[in-house]
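Heads up: the structure comes next, in structure tokens.
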Amino acid sequence: MAVTEIVRLRPAEGVDEETFLAASEVFEQDYVRHRQGFIRRTLLRGDDGDWAVIVDWATITDAEASMAAFPTDAASAPFKAVLDPATFEMKRYVVERIFEPS
């Protein structure tokens, strides 16, 4: 069953938007796209400095494996370096239904 992760975060103190976006893109290319079961990653900007990331995975096992590798994988280091770890919140949801207009 497909799984969606919703992550809320903020850039670290002193990290500007351009640097944050560049690190996010490198993270997508060097880490996320190579993870088994990865479907899609959407980056969202809030109006108060918050950011959210929505990541879709094929299975819960794929999502868990990616999160388990994240802290120590060298490809995630540049993105981790621009994050405020105190603001990182992740919640995982099983996809029950998708509605798309026909």
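The values are calculated or read from the model by the stated rules, or taken from the named source; none is laboratory data. As the structure is a prediction and not an experimental result, all values here were calculated from the model. In this analysis, Cβ positions are derived from the backbone assuming ideal geometry, glycine residues included, and neighbour counts consider all displayed protein chains.
Scanning segment 78-92 for residues that are surrounded by 14 or more Cβ atoms within 10 Å (Cβ to Cβ), out of contact with any helix residue (DSSP H, G or I) (no Cβ under 9 Å at 6 or more places or on another chain) and of a type in the set (A, V, I, L, M) returns no hits.
Criterion applied to ASP48, ASP73 was being surrounded by fewer than 17 Cβ atoms within 10 Å (Cβ to Cβ) and modelled with pLDDT under 95, and the one residue passing it is ASP48.
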